[in-house]
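Below you'll find the structure, written out as structure tokens, and then a few comments.
The values are calculated or read from the model by the stated rules, or taken from the named source; none is laboratory data. Worth saying up front: this structure is predicted, and the values here are computed from it rather than measured. When we count neighbours, we look across all protein chains shown, and the Cβ atoms used for this are built from the backbone with ideal geometry, even at glycine.
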Amino acid sequence: MLFSRHKTEMVSPGDALVGRAARPFAVGARHYVLGTPIEGPYPDGLETAYFGLGCFWGAERKFWELDGVFTTAAGYQGGFTPHPTYDEVCGARTGHAEVVKVVFDPAKVSYRDLLKVFWEAHDPTQGMQQGNDVGTQYRSAVYVTSDAQKQAALETRDAFQPVLSQGGYGAITTEIADAGEFYYAEDYHQQYLAKNPSGYCGIGGTGMSCPVGVAKT
């Protein structure tokens, strides 16, 4: 019980691990599914979004399947420790959430389309967990890169809450904040379910439809 409580309590900046000055592992150059650069450079006109919706293995697949998405990556965001490792994030002493980076073409898929997929692909009312995955790293989060993204995230959250309430769910606990540094996860996490088709996927939605338009799937 004490271990579970530790996993679900956000670490303070002063108690977070110190981290390191550089990433201690390599990440593949190309997306395993899309064949596009994972870290860039990216073509002009593309935008970037960041979503945390539980284990990033299944979450990343939700987005790379969308028409208009140029590339995706699994990583860590929203915490305090520079260049964390997976084991450190799992220990709940970095403050990071497991997050998917989505680079997309707004002429083909809008940010609100991505938000619809985000809201419907998980249960945003569970606090520091997602299903059986318990800990601060599994919290629901939207890290925004502009005022327009923040407004869209807040508006779609407020539109989805009455739908969830009618379905018997509680208050949305999703963290909506400005995007800080995104740290790429280890290479074996990148496009994990494409490399391991029978691998674990903890992503599961509520069955409720978020009224923000039709997602392009």
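Would you be able to say whether some residue in the stretch 198-209 is closer than 20 Å to C90 by Cβ, at pLDDT 95 or above and in contact with a strand residue (DSSP E or B) (Cβ under 9 Å, 6 or more places away or on another chain)? Scanning the stretch 198-209 turns up no residue that is closer than 20 Å to C90 by Cβ, at pLDDT 95 or above and in contact with a strand residue (DSSP E or B) (Cβ under 9 Å, 6 or more places away or on another chain).
So that you can scan it fast, the table gives a plain yes or no per residue for (1) part of a loop (DSSP other than H, G, I, E, B); (2) under 21 Å from E98 (Cα atoms):
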| site | (1), (2) |
| --- | --- |
| R157 | no, yes |
| E181 | yes, yes |
| G202 | yes, yes |
| G205 | yes, yes |
| S209 | yes, no |
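Residues in the stretch 107-126 that are in a loop (DSSP other than H, G, I, E, B) and over 11 Å from the mean Cα position of the chain (by Cα): A107, K108, V109, S110, D123, P124, T125, Q126. The set of residues from the stretch 75-113 being within 15 Å of K62 (Cα to Cα), of a type in the set (A, V, I, L, M, F, W, C) and out of contact with any helix residue (DSSP H, G or I) (no Cβ under 6 Å at 6 or more places or on another chain) comprises V99, V103, F104, V109. Within the stretch 160-197, the only residue that satisfies the criterion of being within 13 Å of the chain's Cα centre (by Cα) and among the acidic types (D, E) is E175. Of all the numbered requirements in (1) without any contact (Cβ under 8 Å) to a residue 60 or more places away in the chain; (2) touching a Leu at 6+ places or on another chain (Cβ under 6 Å), T174 misses one, and that requirement is (2). Scanning the stretch 4-35 for residues that are more than 22 Å from I176 (Cα to Cα) and free of Cβ contacts under 8 Å to residues at least 60 places away in the same chain yields R5, G14, A29, R30, L34, G35.
Would you mind stating whether R157 is modelled with pLDDT of 95 or more, among the basic types (K, R) and touching a helix residue (DSSP H, G or I) at 6+ places or on another chain (Cβ under 8 Å)? Yes, satisfied.
Can you work out which of the residues in the stretch 118-135 that are surrounded by fewer than 24 Cβ atoms within 10 Å (Cβ to Cβ) and hydrophobic (A, V, I, L, M, F, W, C) is farthest from C201 (Cα to Cα)? Among those that are surrounded by fewer than 24 Cβ atoms within 10 Å (Cβ to Cβ) and hydrophobic (A, V, I, L, M, F, W, C), it is M128. Given the structure, is V144 surrounded by 23 or more Cβ atoms within 10 Å (Cβ to Cβ), in contact with a helix residue (DSSP H, G or I) (Cβ under 6 Å, 6 or more places away or on another chain) and among the β-branched types (V, I, T)? No. Remark: pairs (first residue in the stretch 194-213, touching a residue at least 12 places away in the same chain (Cβ under 8 Å); second residue in a loop (DSSP other than H, G, I, E, B) and of a type in the set (F, W, Y); Cβ separation under 7 Å; 6+ apart in sequence or on different chains) = A194/Y32; K195/Y32; T206/Y169.
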